[in-house]
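*Asks:* One structure is given below, represented as structure tokens, and several questions about it will come after.
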Amino acid sequence: MTMIAIIQRPPVLLDRQATLALAVQSLTEAAAAGAELAVLPELFIPGYPSWIWRLAAGRDGALMGQLHERLQANAVDIARGDLEPLCEVARNHRLTIVCGLNECERSRGGCTLYNSVVLIGADGTLLNRHRKLMPTNPERMVHGLGDASGLRTVDTPVGRLGTLICWENYMPLARYALYAEGVEIYVAPTYDCGEGWLATLRHIALEGRCWVLGSGTVLRGEDIPDGFPGRAQLFPEPGEWINDGDSVVIDPQGRTVAGPLHREVGILYADIDSTRVAPARRTLDVSGHYARPDIFELQVRRTPAQPVRYID
């Protein structure tokens, strides 16, 4: 059995350093409780751009530009070493970490933002980085399109782990790509919540015969910092639940074993056993004995997109 921890706490919105400090504190707490795997939600560093669902690009262009500038300035640059605080926690506590983040990739002074999730091994090394394949609806005003270079599973001390972000989980072929690589622990960091989302995660557990960890975002009006641009316009009610969280753990038979953590701030713990995956696939293995490779074929182009090359 392995103890896992899903951290459902609000970030310090648009503040990378403060959010990293909060992540370190929460991860250390989870490790002290005995967790071997800890998960943080979609775009946790430095927070999900909730304003995109409340502003119109033309009418509110000036405020959107101001917020985007702040988001870029506080996004994570992996090459610069911004993830080192998380890597240090992983090394010190032998903790495997999954964390969602706004990733900045710089090119000639510019910055493209990606909705990314990273997997950090228990030795502190970066095992995988997956960029969301298709930003959802207004997210396309913020994030670039990801590629499939990180659409894979990775062996970890807690089991074979793969991740898809939020509505990527509604993409059947993306799910199947993880099933085909033998995913045992399927992690879904998300901004979605509610019964429809929970039903989706139960379906994935039944379809893939794997453990599903839904890592939800919790955010209240009172969590928006005082210096946040447009705070009074965008989030005027301190008591409003902007997002409900709903972190959950579901077993390979589609049964909820922990959560959902609804409108609560905290850490959801559960004991999981990756050895239960193989017996669950005795009756249904959608990429194995239940597949029809003579009829269907999956092709994944994992070569990352090439950067623009300039001729001076």
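The values are calculated or read from the model by the stated rules, or taken from the named source; none is laboratory data. Quick caveat, the model's predicted, so the values are computed rather than measured. Positions of Cβ are generated from backbone atoms using ideal geometry, with glycine treated the same way; all protein chains shown enter the neighbour counts.
*Asks:* As an exercise: evaluate GLU29 against (1) within 16 Å of ALA90 (Cβ to Cβ); (2) assigned to a loop (DSSP other than H, G, I, E, B) and give the number of the one condition it does not meet.
*Replies:* GLU29 satisfies every listed condition except (2).
*Asks:* When segment 273-294 is examined, which residues are found to be of a type in the set (Lys, Arg), assigned to a loop (DSSP other than H, G, I, E, B) and closer than 23 Å to VAL158 by Cβ?
*Replies:* Selection gives ARG281, ARG282.
*Asks:* Right, next: In this structure, does ARG140 turn out to be surrounded by fewer than 18 Cβ atoms within 10 Å (Cβ to Cβ) and either without any contact (Cβ under 8 Å) to a residue 60 or more places away in the chain or not in a helix (DSSP H, G or I) (or both)?
*Replies:* Against the criterion (surrounded by fewer than 18 Cβ atoms within 10 Å (Cβ to Cβ) and either without any contact (Cβ under 8 Å) to a residue 60 or more places away in the chain or not in a helix (DSSP H, G or I) (or both)), ARG140 qualifies.
*Asks:* Where in segment 58-133 are there strands (runs of 3 or more DSSP E), lying wholly inside it, with at least 1 residues that are among the small types (Gly, Ala, Ser) and at negative phi?
*Replies:* 96-107, 110-120
*Asks:* A further question on this structure: Would you point out which residue out of ALA23, ALA62, ALA56 is within 18 Å of the chain's Cα centre (by Cα) and either free of Cβ contacts under 8 Å to residues at least 12 places away in the same chain or under 17 Å from GLY124 (Cα atoms) (or both)?
*Replies:* Checking each option against the conditions leaves just ALA23.
*Asks:* Next question. Looking at ILE165, is it within 22 Å of THR2 (Cβ to Cβ), crowded, with 22+ Cβ neighbours inside 10 Å and of a type in the set (Val, Ile, Thr)?
*Replies:* No, not satisfied.
*Asks:* Another one. Surrounded by fewer than 23 Cβ atoms within 10 Å (Cβ to Cβ) and in contact with a Phe, Trp or Tyr (Cβ under 7 Å, 6 or more places away or on another chain), is that true of ARG220?
*Replies:* So ARG220 passes the test.
*Asks:* Let me ask you something else. Report, ordered by the first and then the second residue, all pairs with beta carbons closer than 7 Å, sequence separation of six or more or different chains, a first member in segment 269-288 that is free of Cβ contacts under 8 Å to residues at least 12 places away in the same chain and over 14 Å from THR2 (Cα atoms), and a second member that is surrounded by 15 or more Cβ atoms within 10 Å (Cβ to Cβ) and of a type outside the set (A, V, I, L, M, F, W, C).
*Replies:* GLY288/ARG281
*Asks:* What pairs can you find where one residue is in segment 294-312 and farther than 20 Å from ARG131 by Cα and at pLDDT below 60, the other is loosely packed, with under 10 Cβ neighbours inside 10 Å and hydroxyl-bearing (Ser, Thr, Tyr), and their Cβ atoms are less than 8 Å apart, with a gap of 6+ or different chains?
*Replies:* none
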